[in-house]
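Right, one structure below, let's go through it.
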Amino acid sequence: MIGAEGDPVTPYPGQQAMHRALTGSRMITLTGAYRHTVYIAAENTCVNTKVDRHLADGVLPDQDVTCTRTAA
């Protein structure tokens with residue numbers, strides 16, 4: 001799962017609840033971002049690298065990941 005702490009459409013507590021419900025899932029959280037779309041659109045190397053690796057190789061991060069929004 002990929003989400004932003006400040007997602008105006010899907011509040012972060014709801015994201016966390018879904019993550020807990022999806023056994024074995026990993027959560028990539030972008031902090032300091034007020035946006036709904038994170039992958040690619042947020043232009044965040046930390047998020048994009050983790051997601052790209054999963055899409056290309058099927059590799060999940062070992063644990064949940066927190067990425068910090070970079071200034072645009």
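Where a number appears in this text, it was derived from the coordinates with a stated rule and is not lab data. Quick caveat: nothing in here was measured; it's all calculated off a predicted structure. All Cβ positions, even for glycine, are placed from backbone atoms using ideal geometry, and neighbour counts span all protein chains on display.
Key figures
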read-out: Cα-based radius of gyration of the chain once divided by 2.2 N^0.38 Å, which approximates compact folds; value: 1.04
read-out: Within the chain: Cβ-based charge dipole about Cα centre, in debye rounded to nearest 20 (Lys, Arg +1; Asp, Glu -1); value: 80
read-out: Which of 2, 40 has the fewest Cβ neighbours within 10 Å, and the rest in rising order; value: 40, 2
read-out: Alpha carbon centroid spacing (whole Å) that separates region 25-47 from region 4-18; value: 12
